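In what follows, a single structure is set out as structure tokens and then discussed.
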């Protein structure tokens, strides 16, 4: 298919909204169906405000953060400040807000607006008592695109990882200089640090630097783009724009958080869950780790260190669970991996005799440190399986548990390197090492069916395959020669299922090296890769990788074609065979032939220092064959471990462009080693080095880094955490000098290309893929990062192209159909991605049903349940077609069509379900559900409020014991047989409600009860106002004309001010600006019934301000305080000084006056100077200076 090149030629200017002390999160756009102003197309809400999308711009509503905080306190009945006075529910509270409008000047007045990424739920709005303002079924979306806002310019709104964003997409032929944003209702516009600050009366709204990127021959390049302000209009200035080059998307920091442990907590390892959650683990010194309720191990196990495992939500804002794992010795976590069900596997080491085990438990004689593999359930509340594996010497310890550079222990934390991974069947694979290499088999590391049963020398690598439930070892094997060997990482070839294991070796006699990249050890320490059959019985081949100096491998991964890639460190001159490299770099990346016979490419990166820059922690090859590396660099004091550090490493499109030389570094190499796509630092500026203490972290398949850190040791600097993170501070800083916290970061580098993930849904049940003909299936893409889609439903119907990620299809023939979804993004590195699912359509349909009969004697709760389900004649039910669930927590019963008996132990209401689970029927699984009310004696009871206001919708909650039939009389001539009815009373009065309950399964068979409801009348609200038409700078007088039964009144003046009173006195209100307002009066009678009336008010305000020249603070009358008087005052600052230049009073409100006191003491009679600065509501400003005489 021919693809026109202009589709690729986009330029995005990206802008982000940010506000003081808050972050927009998960903003969803709700369509306007009449519930809001007509010019609003969509509304997005966020904590503290909202954004209204219009055809030619948008309006931002921002609440004052402090007012919003107090509102939250008041609504939830507590104070955030524990020393603050507890507010009563009657305290008045004013929420100050500010709205400003942004219009695109000269834009298309009728652009095409497309909402995308819909959410399956919807909103309903019943605003007031005017049905014309009600709206139901309002759809919710995650993105809005305004097409052709200007010629060849589109505008897209969306929420990205907690930030409100809009992108301006300039296609070929579009004119960047034509775009102009006019801000109305703002106080000022300024640019600071390349960011646009929008000043409002409740704080600044920040629009971040407008990142603009394009591809070039050099890879990713940032284009200079800045804001240009003229008056209240903002434009973009973009230089060096090449309209023939494709778009570059910037990375986004999703979150950074501490564990929040109050105990010393060193970070080791991190991984991702199937939902994007982050799992982090480290070691914890004592009580204080933030364990969750019901945790598998809620207390410290003793000894020196336990494992602390924590799971954070995908946005990092919440702890999902946290637990200790350990005994009375020392534990370390080295690697984590999570299966598709969310269960987490922890691999590491322990020397605790009482380490918690399950299944086979301890494997081998044990002694010293042993390798541990523990699998926890998805809630962190229980162990699924746990093994402790080892010989009599140390296992899971690389060279020595004492940390200093020696042999293969090159980096700080290398003593704790190993990796755990899973295959598609959830089998567990571990790469580690052992020093239990005695010739006495009773003392050796336990070898089970492995390819190498005889140990090498000193220290060997080990490889294990373990059952999915971590209950037993499937195979284990030595892997080593005549020197020290260690396996750090492993991966499974996607085309052969062979296991590739890599690490470091001093051995010169590793087996099966003939015909490989290097047949022999190149000198000192080399990296190695070994290939093992998946059953562990055959060592297929091994290659050395190295130079005459030090070399080790710390990462091994595959691309989708089965080509292996390796990453590691070198001190030598690494052989470079690639278009791109950095001279004398000491971090290498290689792509090899699948048989390890040759390099496809080999390259290096780094500053060219004598030592490596970083200690690697994570490695990935994405679907576009880009290669990702994570690591940290610097010097750990007093340890002997040294790295060149991160100073001088190159950055490309960074979030943190500078480094103190001791940070984390993230690097991405473009496919085929043609360019550096990304380079970035992460860490605090100053203080103790950012590092890890061992273990692996991971990138997921989409290039998102899940990184563990040992962070902020001893404080001394601010570690960068994100707003709303689970823990934003190091909880262990309790006076000890080097206390650390496990920190966890998640960054989406947005380089892994397009992907798709098709998911079916039938009758609202996600992932349901079978049903009866005709069958309608709803499909959706679960990834949501494509621009367009192609759907092939597998039944011969035409391929359906869409620009939205969901569609429906009806199958009219019996069969099994393979559904294919292609996600397309012409700007991504892989352009298209395909996913599949299967739909099964049948015509053998059965109907599930049953009845129940109470057995004698009537005092007992024994029932017989009879299956009355109906099957098609050609396929009768079998003895296992059904499962009974009696709703009382008793075990489910599998059965056929016969009757079953069940006895309940207590009275109650039980939901009995008969599940039809036979997959021979197209509607399986299906069920019949009935509520069974069990009681010895039927007892009629119900609950409902005793009173209401007409028209009153009474809700009746049936609390009867027993009952099969219910007969209601509502006292106004109407009846019902619903178990829990509702009924509307239109007229005031007192009504007697009667309920009769019939249950032939009880001893008394029938019972009845009654109660009364009083329905009160409503008052009638009314008022008049004057003067209308308005008079300049004259207060509006409101006269209460409500009915005589009104006892409490609430005035809403339409400008944000309100008044609650119990008198009918005339109310005067001064409006602060010219305009039209809706003034409302709500009247309540003694029964708290209410009525509301609203009337329009016109006002005429001309800005004016003045200050009296004298006041008498001890008079006790209206002259006892001095106020600023005026009209149209929007903002002000009123300051009073004594004759010595001392400030004695200041206010920013004309409703706050000076009472003549300073620090509680009345001031002497004298002349005082004042300064006054005022901003009026019409945008004008003024200032005044003068004198005030204090008279005593």
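Would you confirm whether any residue within the stretch 328-349 is under 20 Å from the mean Cα position of the chain (by Cα), farther than 15 Å from residue 265 by Cβ, crowded, with 19+ Cβ neighbours inside 10 Å and modelled with pLDDT under 95? No, that holds for no residue. Here the strands (runs of 3 or more DSSP E) wholly within the stretch 918-971 that include at least 1 residues being within 20 Å of residue 1014 (Cβ to Cβ), touching a strand residue (DSSP E or B) at 6+ places or on another chain (Cβ under 6 Å) and in contact (Cβ under 8 Å) with a residue 24 or more places away in the chain are 947-949, 952-955, 965-969.
Inspect the stretch 1117-1139 for any residue being touching a residue at least 24 places away in the same chain (Cβ under 8 Å), within 30 Å of residue 1018 (Cβ to Cβ) and surrounded by 14 or more Cβ atoms within 10 Å (Cβ to Cβ) and give the result as yes or no. So far as the stretch 1117-1139 goes, no, none of its residues is touching a residue at least 24 places away in the same chain (Cβ under 8 Å), within 30 Å of residue 1018 (Cβ to Cβ) and surrounded by 14 or more Cβ atoms within 10 Å (Cβ to Cβ). Scanning the stretch 1155-1168 for residues that are under 30 Å from residue 96 (Cα atoms) and over 49 Å from the mean Cα position of the chain (by Cα) gives 1155, 1156, 1157, 1158, 1160.
Entry remark, the stretch 292-319: residues being surrounded by fewer than 24 Cβ atoms within 10 Å (Cβ to Cβ) and in a loop (DSSP other than H, G, I, E, B) number 18 in total. Within the stretch 1006-1017, is there a residue that is surrounded by fewer than 19 Cβ atoms within 10 Å (Cβ to Cβ) and within 30 Å of residue 1097 (Cβ to Cβ)? The answer is yes; a qualifying residue exists. When residue 601 is tested against (1) in a strand (DSSP E or B); (2) buried (at least 24 other Cβ atoms within 10 Å of the Cβ), exactly one condition is not met: (2).
Let me spell it out: the conditions are (1) within 40 Å of the chain's Cα centre (by Cα); (2) surrounded by 15 or more Cβ atoms within 10 Å (Cβ to Cβ), and residue 435 meets all of them except one. Which number is the exception? Result: residue 435 passes all but (1). Condition first: crowded, with 24+ Cβ neighbours inside 10 Å and assigned to a strand (DSSP E or B). Can you find one or more residues in the stretch 358-371 that meet it? Yes - at least one qualifying residue is present in the stretch 358-371. Just for the stretch 1035-1061: of the residues that are assigned to a loop (DSSP other than H, G, I, E, B) and without any contact (Cβ under 8 Å) to a residue 24 or more places away in the chain, which one is nearest to residue 1074 (Cα to Cα)? Result: 1055. Within the set 497, 457, 476, the sole residue that is at pLDDT 95 or above and part of a loop (DSSP other than H, G, I, E, B) turns out to be 497. Take the conditions buried (at least 24 other Cβ atoms within 10 Å of the Cβ) and modelled with pLDDT of 95 or more and apply them to residue 610. Does it pass? Judged against the criteria, residue 610 is not a match.
So, in the stretch 577-588, of the ones that are touching a residue at least 40 places away in the same chain (Cβ under 8 Å) and in a loop (DSSP other than H, G, I, E, B), which residue ends up surrounded by the most Cβ atoms within 10 Å (Cβ to Cβ)? Here the residue is 586. Note on the stretch 520-576: enclosed strands (runs of 3 or more DSSP E) holding 1 or more residues that are more than 19 Å from residue 586 (Cβ to Cβ) and over 42 Å from the mean Cα position of the chain (by Cα) are 539-545.
Per this entry, residue 470 is counted among residues that are closer than 21 Å to residue 331 by Cβ, at pLDDT 95 or above, in contact with a strand residue (DSSP E or B) (Cβ under 7 Å, 6 or more places away or on another chain) and not in a strand (DSSP E or B).
Of all residue pairs spaced 6 or more apart or on separate chains, those with beta-carbon atoms under 7 Å, a first member in the stretch 765-791 that is without any contact (Cβ under 8 Å) to a residue 40 or more places away in the chain and on the phi > 0 side of the Ramachandran plot and a second member that is part of a strand (DSSP E or B) and surrounded by fewer than 21 Cβ atoms within 10 Å (Cβ to Cβ) are 767/759; 767/760.
Here is a check on your reading of the model: is residue 427 surrounded by fewer than 21 Cβ atoms within 10 Å (Cβ to Cβ) and within 47 Å of the chain's Cα centre (by Cα)? Answer is yes for this residue. Quick check, is residue 1001 under 50 Å from the mean Cα position of the chain (by Cα), touching a residue at least 24 places away in the same chain (Cβ under 8 Å) and part of a loop (DSSP other than H, G, I, E, B)? No, not satisfied.
Every residue, every condition in (1) in a loop (DSSP other than H, G, I, E, B); (2) surrounded by 16 or more Cβ atoms within 10 Å (Cβ to Cβ); (3) over 20 Å from the mean Cα position of the chain (by Cα), yes or no:
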position	(1), (2), (3)
742	no, yes, no
753	yes, yes, yes
760	no, yes, yes
771	no, yes, yes
780	no, yes, yes
783	yes, yes, no
798	yes, no, yes
813	yes, no, yes
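On the given criteria, is residue 1143 surrounded by 15 or more Cβ atoms within 10 Å (Cβ to Cβ), more than 30 Å from residue 1042 (Cα to Cα), at pLDDT below 95 and not assigned by TED's automatic domain parsing to the domain that holds residue 1060? Answer is no for this residue. For the stretch 1146-1154, check the following and say yes or no: at least one residue is modelled with pLDDT under 95 and exposed (fewer than 12 other Cβ atoms within 10 Å of the Cβ). Yes, some residue in the stretch 1146-1154 is modelled with pLDDT under 95 and exposed (fewer than 12 other Cβ atoms within 10 Å of the Cβ).
The values are calculated or read from the model by the stated rules, or taken from the named source; none is laboratory data. Note that this is a predicted model, so its numbers are computed, not measured. Note that we place each Cβ from the backbone using ideal geometry, even for glycine, and neighbour counts take in every protein chain shown.
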